[in-house]
Every structure is written in C-alpha cells, then in structure tokens.
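One structure, pasted below without further comment.
The values are calculated or read from the model by the stated rules, or taken from the named source; none is laboratory data. All of these numbers come straight from a predicted model, not from anything done at the bench. Note that we place each Cβ from the backbone using ideal geometry, even for glycine, and neighbour counts take in every protein chain shown.
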C-alpha cells in the first residue's frame, strides 16, 4: 500500500483564485488551461466561495486527471465563515465524502483545513482521531495536510496534531523573527523546525505568498522567486498562494512559470 505522504512529494502548484464564469460557476476548462500553461502538477481547490464549489470540483477533477494534475481540497475552519458546503463544519463528514470521491478520481490526493493551527475548540484529539480514521478507513492513500503557521506551533499543539497529520501545509511569513513578506532568511530554519516537530518522514509543503496577506505587506516578484527556490530545495513541495494571472500580475506570473518550467523539465511528472 502506498503511504499518503508519497503523493505530497515533489509537487508544485497553485491555490484558489480560480477563474469564474458570469454565473459565478468555476470555469473548469480555463482553470485546467491555466495550470497546463504554467506546467503545475498540483492544484489546491478551495471549497468556500460559492455553494456549488463542491459540484464544480467534481467537474474539474477528471479534466485535471487527464492533464496529470494532482488535486487537493481545502476547507475553511470555524473562524472563516461562510463555511464550505455542503457539510459545513462537520469535518468528519467532509473526510468521508472526500475519501469516497478520491476512490473515483485518483488524482484527488489530499485534503486540508485552512488556519488549522488556530486550534479551534472542535479539534480535540478524539475528534481528530475519528475524523482521520474514518477518512483513511475509506482510502488510506488520501492525505490529511492541514495548514499550520510557525508561530502557533506550541509544544502542546504539536503533540496533539502529530499523530493525525500526513503532511504540513506551511505558509511562510518570516515568523521566527519579525513577520513580513519581504525577507526569506528564516525559511530554512523554519522548515527544519517543522521537521523536528513532526519527524523527517512527514512532508512539508511551503505556501508562498504571491498574493498580498491581509495584515502584511505585499510580496515582490523577487521575494516569490527566493521563497520558491529555497522551498523547492529544502521542503517537499511548493504551493503558490494564490494562482496568478499573466494579465494581472505579469512579473510574478513570469517568476512562477519560469521556475515551474525548470522543475517540470528536471523531473518526470509525478
């Protein structure tokens, strides 16, 4: 049996900001075209914006699979209403439904919960165990890869989460020092800290801010380049927050496409 962590290694892709049609449904064909153009091998689909996102995801999955694109699903936590539909905050139901879907669409390899390390009261050890056990019971290959921030990784939280995660989605914000989206000198050390906390076999996927964070400065193309490069060297995967468009952010788009091209050419498609 292939461990769920196997599908998290050597990935590079984007998150959210999918194109929409006039009726606000996801433009699935354009999204796939966008991902193929930048040679992404992964897309992290946020189920949050519209009540039909879950149904649009089901339309996206087979077309992504035809183009060798792995897919993650991200759900919003209790702190981020409106909640993902149709199961809302019933994450056990989400885990079961996503696992069932992943049996049909084998490129659906992971699911995540945003801002997971904020440690909402619902995420007790007992709840997490039941949630992950139920999901793995349906599909042991499906990885649970929650979003965790460096500054929230207190010893008690690490101990609580460690038994239940198959990987870590780590948004880098220079939190070992003064938080910002301008410097990257702490990234190597922060990745090393996550490896120490969760063990060397748990994949670390770095979330790179190409879109402005709500409370921090906007990043520059050079920042995106540097963080992507270090993450590719030191972590197990890279996800761009959020998907960039050539006509809206040409400089960052060029950086992302250039590096994805290099990485795609250096290794076989996973």
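Yes or no: residue 18 touching a residue at least 12 places away in the same chain (Cβ under 8 Å) and in contact with a helix residue (DSSP H, G or I) (Cβ under 9 Å, 6 or more places away or on another chain)?
In short, yes.
Give me the residue from the range 68-86 that is in a strand (DSSP E or B) and out of contact with any helix residue (DSSP H, G or I) (no Cβ under 8 Å at 6 or more places or on another chain) and, out of that set, surrounded by the fewest Cβ atoms within 10 Å (Cβ to Cβ).
Here the answer is 74.
Report whether or not residue 152 is modelled with pLDDT of 95 or more, touching a helix residue (DSSP H, G or I) at 6+ places or on another chain (Cβ under 6 Å) and surrounded by fewer than 20 Cβ atoms within 10 Å (Cβ to Cβ).
So residue 152 fits the description; yes.
Residue 209: at pLDDT 95 or above, over 18 Å from the mean Cα position of the chain (by Cα) and buried (at least 20 other Cβ atoms within 10 Å of the Cβ), yes or no?
Spelling it out, it is not the case that residue 209 is at pLDDT 95 or above, over 18 Å from the mean Cα position of the chain (by Cα) and buried (at least 20 other Cβ atoms within 10 Å of the Cβ).
Can you name the condition, by its number, that residue 58 falls short on among (1) in a loop (DSSP other than H, G, I, E, B); (2) out of contact with any strand residue (DSSP E or B) (no Cβ under 8 Å at 6 or more places or on another chain)?
Unmet for residue 58, out of (1) in a loop (DSSP other than H, G, I, E, B); (2) out of contact with any strand residue (DSSP E or B) (no Cβ under 8 Å at 6 or more places or on another chain): (1).
Does the range 252-269 contain at least one residue that is in a loop (DSSP other than H, G, I, E, B) and under 20 Å from the mean Cα position of the chain (by Cα)?
yes
Let me ask something additional. For a quick check of your reading of the model, give me the residue pairs whose first member lies in the range 234-251 and is more than 16 Å from residue 19 (Cα to Cα), whose second is surrounded by fewer than 16 Cβ atoms within 10 Å (Cβ to Cβ), with beta-carbon atoms closer than 7 Å and at least 6 apart or on different chains.
Here the result reads 234/188; 236/9; 237/9, each pair linking the range 234-251 to a residue that is surrounded by fewer than 16 Cβ atoms within 10 Å (Cβ to Cβ).
Which condition number in (1) surrounded by 16 or more Cβ atoms within 10 Å (Cβ to Cβ); (2) outside any loop (DSSP other than H, G, I, E, B) is the one that residue 103 fails?
(1)
Would you say residue 175 is modelled with pLDDT of 95 or more, under 30 Å from residue 129 (Cα atoms) and touching a strand residue (DSSP E or B) at 6+ places or on another chain (Cβ under 8 Å)?
No, not satisfied.
Further question on the same structure: Looking for something surrounded by fewer than 22 Cβ atoms within 10 Å (Cβ to Cβ) and within 13 Å of residue 12 (Cβ to Cβ) - is there at least one such residue anywhere in the range 247-256?
No: zero hits.
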